[in-house]
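The values are calculated or read from the model by the stated rules, or taken from the named source; none is laboratory data. Source: prediction; values computed, not measured. Ideal geometry is used to build each Cβ from the backbone, glycine not excepted, and the neighbour counts take in all protein chains shown.
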Amino acid sequence: MTETMERTSTLQLTPGGEPQKHIMKSMAIFEYKKLSEDGQQIKLEVGVKGAVITHDEHAKVILNEGVYYKTNQMEFDPFNNTVSYMFD
């Protein structure tokens, strides 16, 4: 069975309207698939032109051709028994 992948050249990697956005851009179309409904896990397939992830608070991240998985770190609080996503 073949996965259904979306195609774009620009993708916001942070879900929703987060004020500090990680934006992935490429000079060519790349494919991606959201692996979770909330957009926290994404499979990214970058082509030969590569891609760049930009963010206001740190240096660019350069991605060469390949398959990548984006996920957000989660934190468990044993005192109140809650799980929350971590954002930078």
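Anything in the range 21-35 that is of a type in the set (A, V, I, L, M, F, W, C) and part of a strand (DSSP E or B)? List them, or say none.
Narrowing the range 21-35 to residues of a type in the set (A, V, I, L, M, F, W, C): 23-24, 27-30, 35.
Passing the criteria: ILE23, MET24, MET27, ALA28, ILE29, PHE30.
Inside the range 61-74, can you point out the residues that are assigned to a strand (DSSP E or B) and surrounded by 12 or more Cβ atoms within 10 Å (Cβ to Cβ)?
The first filter runs over the range 61-74 and keeps only residues assigned to a strand (DSSP E or B), leaving 61-63, 66-70, 74.
Listed by number, the residues that qualify are VAL61, LEU63, TYR68, LYS70.
Which members of the range 13-60 meet the condition of being surrounded by fewer than 14 Cβ atoms within 10 Å (Cβ to Cβ), in contact with a Gly (Cβ under 9 Å, 6 or more places away or on another chain) and at pLDDT 90 or above?
Scanning the range 13-60 gives MET27, ALA28, ILE29.
When the residues of the range 36-51 are filtered to those that are of a type outside the set (S, T, N, Q), without any contact (Cβ under 8 Å) to a residue 24 or more places away in the chain and assigned to a loop (DSSP other than H, G, I, E, B), which remaining residue is nearest to ARG7 (Cα to Cα)? Show your work before the answer.
Here is the first cut: in the range 36-51, the ones of a type outside the set (S, T, N, Q) are 37-39, 42-51.
Checking the rest, the ones that are also without any contact (Cβ under 8 Å) to a residue 24 or more places away in the chain come to 37-38, 46-49.
Subsequent filtering for residues that are assigned to a loop (DSSP other than H, G, I, E, B) retains 37-38, 47-49.
Numbers: GLU37: 18, ASP38: 19, GLY47: 11, VAL48: 15, LYS49: 15 Å.
The residue in question is GLY47.
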